[in-house]
Amino acid sequence: MQKSLDQKLAAIHADPHGCREFILADAKDADMAFGIGAPGLSPERHDGELKYKTLAEYRDQIRQIIRQGAVDIVLMSTSTSEQLTIREKMFENSHVTPATRANDATDVHIPRGGKVHLEAARPFRTASIDHMQCGHLDCNDNERSIGSSLGLYSVTFNNQLETDLETLKTYNEFRAEAERKGFRHFLEVFNPNLPNAVSPEQTPQFINDVIARTLAGVASAGRPTFLKIVYQGPQAMEELVRFDPHLIVGILGGSAGTTYDAFKMLAEAQKYGGKVALYGRKINNAENQLAFIEFLRHIVDGTISPEEAVRAYHAVLAKLNVKPHRSLEEDMTLQTNVMSYAGSGKTISIPTPSQPQASKKPQASKIESANKPSPPNSAPDFSKMSSDERLAYHRERLNRSLG
């Protein structure tokens, strides 16, 4: 069966400015970052004890999403892809394309109690291309199509000579191997994971410039299929799309947020030239993932507005007798102001250190009060924060950055 991803990519390249095609992806690769907590909290009652869904439940949700067919890509870890793509052949008669996380640099190493992700990102790759394509080393040519032939490769630049050069060298090596083995990739460019790497107001321009510079020396055979970046607002999106209309730009979802956050960001990214959205926790933390995805598709197809979609989603939850995480009024709240040219900052509200991180229930902290007088893009005043508050800030930054 022809994949919808390939059909849409061809249509976009044929008419980059006029084409309305939009690519949706479900990012179910969180076990490469969060470990046990990746599947999300168990919906069953545990009398206050924090318990997570199992890997089996996580994979069963992926199976449902593949069968639904509303997304174009499902991104997985290599171990999950081996089970669903190679052993179960879930994608064989589906228009959905399987993809795997091709590398896992240190800024996505986030175990409970971990600190590695707080230092400048260093490149690392667990998965091998052969394992992604056929499930074992040294695939023969006939085997390379039985698994995944599309991978996510992520890079993080921190404005440091040694670490950035190491990142570039490792990416060069990956691209060379991928081209030889017929493996496509899309490129995820995270914002710096060090707080003082570049000023907040210059971060969107910094990211756009490193993308253009990194790919300028890459011929078409080695270039990424599309990009996955933090949505920095309309101005940054328009600038990147205008620079090269064939450099297909996609956004990552970040932390769960409100339903309106998710729906509005999707519509705004599309409005200003984005052609792809990869939502991870925004989907995984939804009350009903299949309904949530269905409304994402309706929004990019232009059949419903984000505001109407939030109300309709709540109506579906009520019909299914599913209790929403928030009231409709709360769920209509927009928690970010990157939607307009007026600003690209965020109101930072993070869990206190004593609150379990996985609950994702924001509580006000000293960060908010310390930043109130500051401009929208200003960084928090780390000198006024305890070590626990700084750690919590970085965790929330990762929540916003990872898809």
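We did not get these values from a lab; they are worked out from the coordinates using the rules stated. This one's a predicted model, so the numbers in the text were calculated from it and none came from an experiment. We place every Cβ from the backbone using ideal geometry, glycine too, and count neighbours over all the protein chains shown.
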### Message
For a protection proxy built on the mean count of beta-carbon atoms within 10 angstrom, sort 265-278, 57-70 highest first, please.
### Response
265-278, 57-70
### Query
Which residues' amide hydrogens lie under 5 Å from the amide hydrogen of ARG122, considering only partners 5 or more residues apart or on another chain, with H built in the peptide plane?
THR106, ASP107
### Message
Please rank LEU161, LEU24, fewest neighbouring Cβ atoms within 10 Å first, as an exposure proxy.
### Response
LEU161, LEU24
### Task
Compute the distribution of all C-alpha to C-alpha distances in the range 4-332, in bins of 10 Å from 0, and list the percent of pairs in each, rounded to whole numbers.
5, 25, 36, 26, 7, 0
### Message
Please give the charge dipole size of the range 119-202, origin at the Cα centre, charges +1 on K and R Cβ atoms and -1 on D and E Cβ atoms. Round to the nearest 20 debye.
### Response
160 debye
### Task
Give, as ranges by residue number, the residues of the range 169-206 whose backbone N falls under 20 Å from the point 7 Å along Cα→Cβ of SER145.
178-185
### Task
Would you grab the residues whose amide H sits under 5 Å from the one on GLU188? Only those 5+ places off in sequence or on another chain, please, with H modelled 1.01 Å from N.
TYR153, SER154, VAL155, LYS228
### Message
Among ASN158, ASN142, HIS117, which residue has its Cα furthest toward the positive end of the charge dipole of the range 114-242, with +1 on Lys/Arg Cβ and -1 on Asp/Glu Cβ?
### Response
ASN142
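Going by average Cβ density within 10 Å per residue, which order do the peptides 294-301, 85-92, 279-286 take, highest to lowest? Walk me through the intermediate numbers first.
Numbers: 294-301: 19.8, 85-92: 16.4, 279-286: 23.4.
So the peptides 294-301, 85-92, 279-286, ranked by packing, come out 279-286, 294-301, 85-92.
Seen from all sides and averaged, what is the projected area of the convex hull of the Cα atoms in the range 5-138, in nm²?
Values: hull surface 45.1 nm².
Hull-based average projected area comes out at 11.3 nm².
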### Query
If amide H atoms are built 1.01 Å from N in the plane of the peptide, which residues on other chains or at least 5 residues away come under 5 Å of the amide H of THR97?
LEU5, ILE73, VAL74
### Message
Between LYS51 and ASN172, what is 0.36 nm times their sequence separation minus the Cα-Cα distance? Round to one decimal in nm.
### Response
39.5 nm
### Summary
the range 119-147 and the range 1-70 have their Cα centres apart by a whole-number Å value of 20 Å
### Query
Applying the Karplus parametrisation 6.51 cos²θ - 1.76 cosθ + 1.60 with θ = phi - 60° to the phi angles of the range 78-92, what ³J(HN,Hα) value in whole Hz is obtained for each residue in order, glycine and proline being reported as x?
4, 5, 5, 5, 4, 5, 7, 8, 8, 7, 8, 6, 4, 9, 5
### Message
I want to check a number: in the range 1-153, how many lysine pairs have alpha carbons closer than 28 Å, given a sequence separation of 8 or more or different chains?
### Response
11
#### Entry: Packing-based exposure ordering (other Cβ within 10 Å, fewest first) of CYS19, CYS134
CYS19, CYS134
### Query
Within the range 1-145, what percent of beta bridges assigned by DSSP are antiparallel, to the nearest 5?
10 percent
### Task
Please give every one of the aspartates and glutamates within straight-line cross-link reach of LYS264, meaning a C-alpha to C-alpha distance under 19 Å, and leave out same-chain neighbours fewer than 8 residues apart.
GLU21, ASP26, GLU238, GLU287, GLU294, ASP301, GLU307, GLU308, GLU329, GLU330, ASP331
### Message
Would you report the distance distribution of C-alpha pairs in the range 47-119 as whole percents per 5 angstrom bin, up to the bin with the largest distance?
### Response
3, 13, 20, 18, 16, 13, 11, 5, 1
